[in-house]
1. Which members of the range 81-105 meet the condition of being of a type in the set (Gly, Ala, Ser) and within 24 Å of Phe120 (Cα to Cα)?
2. Identify all residues within the range 76-110 that are of a type in the set (Ser, Thr, Tyr) and farther than 21 Å from Thr131 by Cα; write none if there are none.
3. If you take the residues of the range 65-84 that are of a type in the set (A, V, I, L, M, F, W, C) and closer than 21 Å to Leu119 by Cα, which of them is nearest to the chain's Cα centre (by Cα)?
4. Among the residues of the range 94-114, which ones are more than 25 Å from Glu71 (Cα to Cα) and either touching a Pro at 6+ places or on another chain (Cβ under 8 Å) or of a type outside the set (A, V, I, L, M, F, W, C) (or both)?
5. So, of the residues in the range 67-86 that are modelled with pLDDT under 80 and surrounded by 12 or more Cβ atoms within 10 Å (Cβ to Cβ), which turns out to be farthest from Ile110 (Cα to Cα)?
6. Run down Phe43, Phe91, Phe36 and say which single residue is assigned to a helix (DSSP H, G or I), surrounded by 11 or more Cβ atoms within 10 Å (Cβ to Cβ) and either out of contact with any helix residue (DSSP H, G or I) (no Cβ under 6 Å at 6 or more places or on another chain) or modelled with pLDDT of 90 or more (or both).
Amino acid sequence: MVDAAGVNQHPLGAFMYQYFVRKAFHNLLQKNLGLFIRLHVDFILNVIKKFAHLFRGVQTVFHAMQPRYHEIITRIAVPTLILWGEDDEIFPTSTAESLHTMIKNSELHIVSGNHDWCLFTPEKLDTMIETMS
């Protein structure tokens with residue numbers, strides 16, 4: 001599991017704030033105004049063109065966060081590697097710690113980076129999976 005949904009219950013507004021406002025707008029705005037503007041124009045155009053896909057993606061995340069999955073998660077019996085970004089803006093490390101507690105045969109590793117660490121450093125993800133499996 002890598003920075004996954006499934007434990008914490010976030011109200012829709014809080015989740016949207018965390019993902020779209022805090023992560024995308026606030027962090028990027030501080031780093032590069034031109035890139036911020038360009039990405040958000042592209043984002044808005046993409047939302048308009050692919051709204052159905054975006055809506056299904058949001059539905060999937062919220063579906064995974066339903067309380068009924070807590071009991072299912074506790075039944076996971078296979079060895080499970082949990083890798084989590086220490087600065088994950090969407091699902092904090094407390095989510096990883098909860099998963100680790102719920103999954104009896106799990107191993108938790110908190111890594112440097114945010115929610116997207118594995119996308120921007122795939123070689124780090126590859127190495128961790130290879131050395132820990």
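The values are calculated or read from the model by the stated rules, or taken from the named source; none is laboratory data. Values in this document were obtained by computation on a predicted structure and should not be read as measured data. Every residue, glycine among them, receives a Cβ derived from its backbone with ideal geometry; neighbour counts consider all protein chains shown.
1. Of the range 81-105, the ones of a type in the set (Gly, Ala, Ser) are 85, 94, 96, 98.
Across the range 81-105, the qualifying residues are Gly85, Ser94, Ala96.
2. Taking the range 76-110 first, the residues of a type in the set (Ser, Thr, Tyr) are 80, 93-95, 98, 101, 106.
Correct list: Thr93, Ser94, Thr95, Ser98, Thr101.
3. From the range 65-84, those of a type in the set (A, V, I, L, M, F, W, C) are 65, 72-73, 76-78, 81-84; that's our starting set.
Those still in the list that are closer than 21 Å to Leu119 by Cα too: 81-84.
Numbers: Leu81: 15, Ile82: 12, Leu83: 11, Trp84: 9 Å.
Among residues in the range 65-84 that are of a type in the set (A, V, I, L, M, F, W, C) and closer than 21 Å to Leu119 by Cα, the one nearest to the chain's Cα centre (by Cα) is Trp84.
4. As a first pass, look at the range 94-114 and keep what is more than 25 Å from Glu71 (Cα to Cα): 111-114.
Hits for the range 94-114 are Ser112, Gly113, Asn114.
5. So in the range 67-86, the residues modelled with pLDDT under 80 come out as 67-70.
Remaining after also requiring surrounded by 12 or more Cβ atoms within 10 Å (Cβ to Cβ): 69-70.
Working: Tyr69: 23, His70: 21 Å.
Residue satisfying both the conditions and the ranking: Tyr69.
6. Values: Phe91 fails: assigned to a helix (DSSP H, G or I); Phe36 fails: either out of contact with any helix residue (DSSP H, G or I) (no Cβ under 6 Å at 6 or more places or on another chain) or modelled with pLDDT of 90 or more (or both).
None of the other options fit; the residue is Phe43.
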